[in-house]
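Novice: Once you've had a glance at the structure underneath, I'll fire off some questions.
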Amino acid sequence: MGTRLYVGNLPFTANENSIRELFSTSGRAVTEVKLVTDRDTGRPRGFGFVEMGSSDDADGAIREVGIAPRPLQDPIPVYSGFTHSMQTSMYWAREGGKPVVMANEIDFMELLWTKYRETAEAHGRTVPRGEEAAWGGYLVLADTKSEAEAWAEDCKWMWDAWSVPFGQDRPPFLVGDADTVTRMIEKTARHVPFNEMFLLFGQGILERDRCLKTLELFAEKVIPRFR
């Protein structure tokens, strides 16, 4: 029995033949590809459905395609998505993408940054220091460390309840006052170079004033220390 897969974030230049080819690698059977278009304009909406010939095919497609799809965009977008995987990061080192690595383990990140550079150079790409990957985490800032930790409890609960069961490990939680968060960033920067950060915050979980406080403190008291 076939299995239908949802495929999103497609470039508008994608067509059914290119999607079929992508999912048919390694001899997997694709029985149908359906790209969704706007009913009024006929223009593609950036998503569609792929029906695989068997559940085994569908499982294989999820493992191989869903994690690091062969890019259809040319040139490849600068940011290649979030990862906590050495394999996926090396894929983007070969292809020219920049992963956003949201990891806590210093030894793992040092190895990833080194391997990314080596793999990129082996494929003819020179990567400036600090451009191997972006780093980031989940930001909760308050006037005091204890206050921020109290706010962060709901954010951590939400992540553990709705992300961890689906394979999304906890990102680094940058929680505290401005001094504490600054030290966290500085500690990571001493081990791996990065020129950019990507930060999640409690939008939709924390009250509006707490979200604004987080952004205000980061903009006014943390960012100026890294200029």
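Novice: Non-local amide H neighbours of Ala103 (under 5 Å, H modeled in plane, Pro and chain starts lacking H): which ones?
Specialist: Amide H to amide H, under 5 Å and 5 or more residues apart or across chains, Ala103 pairs with Gly136.
Novice: Would you work out if segment 135-227 is rounded, prolate or oblate? Take a ≥ b ≥ c from the square roots of the eigenvalues of the alpha-carbon gyration tensor; rounded if a/c is under 1.5, else prolate when a/b is larger than b/c, oblate otherwise.
Specialist: On the way: a/c = 1.95, a/b = 1.19, b/c = 1.64.
In terms of gyration-tensor shape, oblate.
Novice: From the phi angles alone, apply the Karplus equation (6.51, -1.76, 1.60; θ = phi - 60°) to segment 112-117 and give each ³J(HN,Hα) in whole Hz, x where the residue is Gly or Pro.
Specialist: Going residue by residue, I get 4, 4, 5, 5, 4, 4 Hz, with x marking Gly and Pro.
Novice: What is the order of Leu212, Leu141, fewest Cβ neighbours within 10 Å to most?
Specialist: Working: Leu212 11, Leu141 27.
Lowest count first: Leu212, Leu141.
Novice: Could I ask something else about it? Normalising by the residue count of the chain, find the relative contact order in percent from Cα pairs under 8 Å and 6+ residues apart.
Specialist: Working: 324 pairs, mean separation 35.1, N = 227.
Relative contact order here is 15 percent.
Novice: On to the next question. What fraction of the DSSP beta bridges in the chain is antiparallel, stated in percent and rounded to the nearest 5?
Specialist: Numbers: 11 of 24 bridges.
Taking every DSSP beta bridge with both residues in the chain, the antiparallel ones total about 45 percent.
Novice: Hey, another quick one. Summing Lys, Arg as +1 and Asp, Glu as -1, what charge do residues with Cβ under 13 Å from the Cβ of Glu220 carry, Glu220 excluded? Show your work: numbers first, answer last.
Specialist: Working: positive: Lys213, Lys221, Arg225, Arg227; negative: Asp143, Asp177, Glu216.
Value of the local net charge: +1.
Novice: Taking neighbour counts of Cβ atoms within 10 Å as a proxy for exposure, in what order, fewest first, do Asp40, Asp177, Asp169 appear? Write out the running numbers ahead of the final one.
Specialist: Numbers: Asp40 6, Asp177 18, Asp169 11.
In order of increasing Cβ crowding within 10 Å: Asp40, Asp169, Asp177.
Novice: In whole Hz, what ³J(HN,Hα) sequence does segment 154-162 give by Karplus (6.51, -1.76, 1.60; θ = phi - 60°), x for Gly and Pro?
Specialist: For segment 154-162, the Karplus-derived couplings read 5, 5, 5, 4, 4, 5, 5, 7, 10 Hz, x marking Gly and Pro.
Novice: Neighbour counts of other C-beta atoms within 10 Å: give me Val127, Val33 arranged from fewest to most. Intermediate results must be reported in sequence, preceding the final value.
Specialist: On the way: Val127 18, Val33 21.
Ascending Cβ contact count within 10 Å gives the list Val127, Val33.
Novice: In deg cm²/dmol and to the nearest 500, what is the mean residue ellipticity at 222 nm of the chain if only DSSP H runs of at least 4 residues count, each as -39500 (n - 2.57), divided by the residue total? The partial results should precede the final answer.
Specialist: Values: 7 runs with 84 residues, N = 227.
Value at 222 nm, helices only, nearest 500: -11500 deg cm²/dmol.
Novice: Would you mind checking the pairs Lys98/Lys221; Lys187/Lys221; Lys115/Lys156; Lys98/Lys156 and listing those with alpha carbons more than 22 angstrom apart?
Specialist: Table pairs above 22 Å Cα-Cα are Lys98/Lys221; Lys115/Lys156; Lys98/Lys156.
Novice: Given axes a ≥ b ≥ c from the Cα gyration tensor, I'd like to know whether the chain is rounded (a/c under 1.5), prolate (a/b larger than b/c) or oblate. Provide the component values of the computation, followed by the final result.
Specialist: On the way: a/c = 2.19, a/b = 1.59, b/c = 1.38.
It is prolate, given that a/c is not under 1.5 and a/b is the larger ratio.
Novice: Sticking with this structure for a sec: Please say if segment 79-122 is rounded, prolate or oblate, where rounded means a/c under 1.5 for a ≥ b ≥ c the square roots of the C-alpha gyration tensor eigenvalues, and otherwise the choice is prolate for a/b larger than b/c and oblate otherwise? Mind showing how you got there, number by number?
Specialist: Numbers: a/c = 2.34, a/b = 1.23, b/c = 1.90.
Oblate.
Novice: Ok, one more. ³J(HN,Hα) across segment 121-137 via Karplus (A = 6.51, B = -1.76, C = 1.60, θ = phi - 60°), whole Hz, x for Gly/Pro?
Specialist: Going residue by residue, I get 5, 5, 10, x, 10, 9, 10, x, 4, x, 9, 4, 7, 9, 10, x, x Hz, with x marking Gly and Pro.
Novice: Something else: Using amide H atoms built 1.01 Å from N in the peptide plane, name the residues 5+ places from Glu32, or on other chains, whose amide H lies under 5 Å from its own.
Specialist: Under 5 Å from the amide H of Glu32 lie the amide H atoms of Glu51, each far enough along the sequence or on another chain.
FYI, it's all coordinate maths here, none of it is from the lab. Quantities reported herein were computed from a predicted structural model and do not represent experimental measurements. A quick note on method: Cβ atoms are made from the backbone with ideal geometry, for glycine too, and the neighbour counts reach across all protein chains shown.
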